[in-house]
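The values are calculated or read from the model by the stated rules, or taken from the named source; none is laboratory data. Model, not experiment: these values are computed from the prediction. Please note: Cβ atoms are built from the backbone with ideal geometry, for glycine as well, and neighbour counts cover all protein chains shown.
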Amino acid sequence: MTKNISLTRYLVEQQRLQGHIPSQLRLLLEVVARACKGISQAVNKGALGGVLGTAGSENVQGEVQKKLDIIANEVLIEANEWGGHLAAMASEEMDSIYVVPNRYPQGEYLLLFDPLDGSSNIDVNVSIGTIFSVLKKPEGSTAIEEKDFLQAGSKQVAAGYCVYGPQTTLVLTVGDGVAMFTLDREQGSFVLTEEHVQIPQDTQEFAINMSNMRHWDEPVTRYIDECLLGSDGPRGKNFNMRWIASMVADVHRILTRGGVFLYPWDKREPEKPGKLRLMYEANPMSWLIEQAGGASTNGRERILDIKPSKLHERVSVVLGSKNEVERVTRFHLEQKG
Ligand code: P6P
């Protein structure tokens, strides 16, 4: 493990030595990390904190909101709105953008987040997490509108997640590789535990919700069938399967030991390109994966190149070990008709 370097020191060095991040962005990331500590505390209380169960409302996605979804959203809004580093925020839990109130100074950045991804796992004590993405406010824009957020994932200036599991771990990139920080609850601070994370190019582990198999498109079925044939089939090696149904936890496993994650388009909702959200799930996760030497496509094109048309746009996701993602993508491109 690297010597005891705190998140603050890491960010100061990224600002000073690497010239990667201006002070406003450093402040933003420290505020987001502090908010994640607060969310971690609430998540860890579980039933003791009266925070389990549903809130009796639905979000813009039409999903029933859990109490913790709303708590996490409020923690992130309240932590970030006054600092002067942000112009506006967007959240999976809010229909429209949240522009910083006039009583506070407006900053240069736009913050997008899924405040508590995987919330179906909250009540069964399975890892969940916060996913965040940072964009620059377009030059010259004063009155921030939704269209200012509609930038391709390649425009992100920072991206990360915080996984609330056996450890609370913040995973972050500002374009200089991927670093992991584990929460030291005695000090109350995130400590650098991994940096320059690298994903193996090959893997023997895939993550997909197999119960949807009959709904998949042919290239995905072809890829998974090959994996299931194992050493008897064209891959010549056996595969293991994992599906936590919490993207943060599945991606964290892939960043830690490799693997490929698929949430593809399927016939259940043919008008939707996929289940996962582009702006605050697929884009931040895709940048992290690419910064760690992996790949991420929607089956046909690099996710970070997709020009969004709406804030809560959905996308198919195939991400992880580069050679596996390229195989799935090739199968899509070879698809007849
Ligand atoms: P399913 C959680 O709700 C989520 O958005 C992702 O975190 C996760 O990968 C996916 O949905 C799980 O979906 O259909 O398997 O429950």
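For this structure, a couple of remarks:
- Only residues that are more than 16 Å from the ligand (Cβ to nearest atom) and either touching a helix residue (DSSP H, G or I) at 6+ places or on another chain (Cβ under 7 Å) or of a type in the set (V, I, T) (or both) were counted in region 197-248, giving 15.
- Criterion: more than 21 Å from the chain's Cα centre (by Cα), modelled with pLDDT under 90 and farther than 14 Å from L116 by Cβ - qualifying residue of G53, G19: G19
- Yes/no for V43 being in a helix (DSSP H, G or I), over 23 Å from the mean Cα position of the chain (by Cα) and of a type outside the set (F, W, Y): no
- For region 271-308, a tally of residues being surrounded by fewer than 22 Cβ atoms within 10 Å (Cβ to Cβ), within 19 Å of S91 (Cβ to Cβ) and either assigned by TED's automatic domain parsing to the domain that holds V171 or away from the ligand (no atom under 15 Å from the Cβ) (or both) returns 1.
- For V318, the criteria (1) part of a helix (DSSP H, G or I); (2) β-branched (V, I, T); (3) surrounded by 22 or more Cβ atoms within 10 Å (Cβ to Cβ) hold in every case but one, which is (1).
- V124 touching a strand residue (DSSP E or B) at 6+ places or on another chain (Cβ under 8 Å) and farther than 30 Å from G233 by Cβ: no
For every residue, the table says whether it meets (1) assigned to a helix (DSSP H, G or I); (2) in contact with a strand residue (DSSP E or B) (Cβ under 8 Å, 6 or more places away or on another chain); (3) under 18 Å from I131 (Cβ atoms).
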| site | (1), (2), (3) |
| --- | --- |
| C162 | no, yes, yes |
| E194 | no, yes, no |
| Q201 | no, no, no |
| M213 | yes, no, no |
| G236 | no, no, no |
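- Any hit, region 90-110, residues being within 16 Å of the ligand (Cβ to nearest atom) and polar (S, T, N, Q): yes
- Taking first residues from region 110-123 that are in the same structural domain as V31 (by TED's automatic domain parsing) and part of a strand (DSSP E or B) and partners that are of a type in the set (A, V, I, L, M) and within 12 Å of the ligand (Cβ to nearest atom), the Cβ contacts under 8 Å between residues at least 6 apart in sequence or on separate chains come to F113/I131; D114/I131; L116/I122; L116/I128; D117/I128; D117/I131; D117/M247; D117/V248.
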